[in-house]
Structures are given as structure tokens and as C-alpha cells.
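The values are calculated or read from the model by the stated rules, or taken from the named source; none is laboratory data. These numbers come from a predicted model, not from an experiment. Counting neighbours? That spans all protein chains shown, and the Cβs are built from the backbone with ideal geometry, glycine included. Heavy atoms of the whole protein, side chains included, go into the accessibility calculation; ligands, DNA and RNA do not. Shrake-Rupley method; radii C 1.70, N 1.55, O 1.52, S 1.80 Å.
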Amino acid sequence: MTEQRKLKQRIRARMAATGESYTTARRQVLASGETSADRPLPPGIVPGYRTFGARHHRESGLLAHVLEAQGVRAPHTGAPYTEAMLAGLGGGVGFMYAVFEYRDLPPLLTIVAQHHPQPWVPAALDRLGLTYSDEHSATAGPALNRLRAALGAGRPVFATVDRSRLPWHGLEPGPGTDPYPVVVAGADGDILLLDDEGPQPRPLPIPEFAAAWSAHRKGRHQGITLGDPHQRVDLPDAIRDAVATTVAHLTGPVLGNSFDANFGFRGMAKLAEQLRDVRTRNGWVRRFGAPVPFFHGVRRLYECLELEYTAPGATRPVYADFLDETGRVVGGSRFAEAAELFRRSGEQWSRLAALALDTVQGLGAYTEVAEERMALVFSRGRDAEPEIRRLTRRLNQLAEEHAAADPLGEAGRRELFAAMAHLVESCLELERDAVTALGGDLS
């Protein structure tokens, strides 16, 4: 607990110095605890692959590492592409809100705050005019042969896996429905070296990697490998195309069917409406009113806005950085205005996430255990797998105890949901203004 207090002090000091949200500051503090340069990389890493662990947006960070290793440089700077630039070129911000209900389980809230559902890495590579192979296989054998061949040729491989099968995450094996990209950055004999959370490569025996690779059903054995590293890109045109896609998907439609009611500004308005709804079965008061669903719903709200398939602040701050960087490339006079509006929206989304986190922090020990677990994932990974699993079970136990105690009561929940709805509506207003500003420079 002494180490956890020190960690909290470092996080709060960074928050005070930078103005970052708690989640962003924690990721930066943990990632900077031991950088890739602090100790020699293990043998087998492909040439040029030097950086591990994203700082803001996971998928864009992984892509930045791969492009740097393959010698791809941004034409406007001559330096490696930034996470922010790749986050924008991959599609930028988005919004998808849905609640799925299954028998004998609490309602499952899902928010995707980044561009969705177009795959991230192919979208960015296409805009950069880079050639790549995107291969799948029904069985692991041929896929592993291709993987070994690519690594032998000095090319890292994006692989889509089931996160619950990666031992350093300390999770119980799940159904394999959520895609989780990692980069296989090298091999040392029968050990593969992965770029995932943390500033050092993650070693994983080939059979265990194959199990995680096979467990993700929809994208089984998917491997993306960069081809010719020479770009065929008009960067200003690529930027305008990416921004136009972001604007189109916020304003809709996205899929061209009835599910579009869950996307973009319509999805945000739907979330605010259901948070305020005290009468129908779809309103949060009824859907998440009982103690157990309440805890799970509010915790998922925090996770979806700060951690999963997003960057902290619902991806808005890193997208604002993209607009600031690209405004100088395309000469968009209103990109800076839109950047400021998205940055303010990101602050509001982080306030909403913090409100959710503060609510579940009523558990007392929950926060300490959660931070201890994340620190172990970053610092020791697989070596701490038994401890991480123990802490995961403890978190679930604390959640059940919190739900049983029901500290807020029905009136407190209604008040909380109304405050959350107000924040969502504030974000919606800011982002509509941002889209109006961007539209002026895209027309």
C-alpha cells in the first residue's frame, strides 16, 4: 500500500502539472516507469523496433511503432508519425452507444468513442498509400508459418487476438468476441515478443500465442504486414478525407440501417435521453436501477470513455492534437477552432468518466486494488499472473459487496443519472459546433 500511495502522489503531481485526466496521467506515469531505452531489448526484435507501449491511443501507438521500425517518415516533418496524426488518419473520433441484454446477466453497456466499425490500421495505411497484406487462416499452422516468415524478413506483424488469453492481463478466458490488436515485434526461439501494454516487449510461447490468436473467432489468425515502406500519399488530401469521414460518421448514417440510431450525434442524444428517462424500460433508472446492474453500468461507463477502444477523454484530446498538427499542413483556418472545441468536449467526457469512477470508488478498497492490478500489468506482466488473477477476483468480490450495500439508493441514482445526462448534452453541443467548423474548411 506504501507503493500505491507513492504511485497516487506521482499521478496527482502529473495531473496538477499537465491538466491531464486521472486516467491519462496514470498511463503516462506507469509507462514512464521503465522506458524501452532503460534496458537492452531481448534478442530477436526486428531491426528498428525500439518503442513499446502506447502513450495515448493504443492502436495508433502500435502503428506508430511499426512505421518507425520500417523507416516510414511523415513528409511534413521528416520525423516518425505521431500517435495523434495516425489517430486522425485512422478515422479519429466517433460514438457508438448500445446496451445489450442477456439472460441471467446485468445489462452490458458498450460505448465506442473512436471511429467505428472500420478497422483502424487498414484505414490509416490506405490513406498513407502504403501497401500491406491482410491475411486470415482457418487453422493456426499456416498462419504461424507466415508469421515466422515475416519476422525473418524483418517485418513486424499486427495480430488480432483474444485479450483474455494474454496472461499478463490476468483475466479469466472469455468468449473471444472482442478484437484486440497487438504487434508481434520479434521472436527468440519459440518465444514471441509482443508490443502491448507496458514499456517492454511481452514474451509469450508460440503455443500460448496461437491459443490467443485462435480464440478471437471473427478475425481468427488475422495478420497485417506492411509491404513496400514507400508512401504514395498526398498528405493534405489524406487528412481532408480522414476528417470528412469523421464528420460523416458523427452526423450519420454509418451502417445504413436501423442501428444507425446508436451512432454519432444520434447515439449521444440517445444516451442523454435514456439517462434522463425515469419511466420506460430503456431508461437508466429502470435498466440500471437495481444495485448490481447499477454498479456494472456505471463502471462500464468509465471503462468505455477512458480505457477500452478509446483514448482517455473519449479520444477527443488526441484528436484535438491531430487537428492542431494537420491544420498547419492543409492550411485549414478553422481546424484550430475545431481542435479547441473537441479538447473542451474531451474534458467533459473525462468529467463524466470521473463522476462514474468516483461513484464506484465508494467501494473504498476497490480503487487501491484496481491501481495495484494495473501497476502489475505494466511493470511485471506475465511474471505476476497469479497476483493479477487474485486481484481480479478481489475486484469482483468488492463490486458485489458494494452493490449489496446500495449506498446511493434510488434517489441518489436518479440524481447521478441526471448529472451525467447534462454532461453528455454539453459534449454534444460542443461537438456539433466543432463539426460545423470543420465543414467550413472541407467544403
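Quick notes
- Within a Gaussian network of the chain (alpha carbon springs, distance under 10 Å), most fluctuating of LEU67, LEU323, LEU41: LEU41
- Region 122-194 and region 279-335 have Cα centres spaced 27 Å apart.
- All other residues whose Cβ lies under 14 angstrom from that of THR245 are scored, Lys and Arg at +1 and Asp and Glu at -1, for a net of -1.
- Contact order, relative form, for the chain: 19 percent (alpha carbon pairs under 8 Å, 6 or more residues apart, mean separation divided by residue count).
- Calculated accessible area for the chain comes out at 42 Å² per residue, all protein chains present (probe 1.4 Å; ligands, DNA, RNA ignored).
- The overall shape of region 52-148, judged from the alpha-carbon gyration tensor, is oblate: a/c is not under 1.5, and a/b is no greater than b/c.
- For the chain, built as a Gaussian network whose Cα springs stay under 10 Å, the top-fluctuating residue of THR77, THR177, THR392: THR77
- Trypsin sites (Lys or Arg not before Pro), loop per DSSP, at most 16 other Cβ atoms within 10 Å - longest free stretch of the chain: 104-216
- Cα-based shape type of region 381-443, given that a ≥ b ≥ c are square roots of the gyration tensor eigenvalues and the cut on a/c is 1.5: oblate
- Accessible surface of the chain, 1.4 Å probe, proportion on carbon and sulfur as whole %: 51
- Take every pair of alpha-carbon atoms less than 8 Å apart whose residues are at least six positions apart; their mean separation over the length of region 136-224 yields a relative contact order of 37 percent.
- The relative contact order of region 264-361 comes to 25 percent, based on Cα pairs under 8 Å that sit 6 or more residues apart.
- Count Lys and Arg as plus one, Asp and Glu as minus one, and take only other residues whose Cβ is under 9 Å from that of HIS65; the net charge is then -1.
- Local electrostatic count, PRO142, Cβ distance below 12 Å [Lys/Arg +1, Asp/Glu -1]: +2
- Our helix-only sum for the chain, with -39,500 (n - 2.57) per DSSP H run of n ≥ 4 divided by its residues, gives a mean residue ellipticity at 222 nm of -17500 deg cm²/dmol.
- Cα gyration tensor, the chain - rounded (a/c under 1.5), prolate or oblate: oblate
- Within a Gaussian network of the chain (alpha carbon springs, distance under 10 Å), most fluctuating of LEU62, LEU357, LEU408: LEU408
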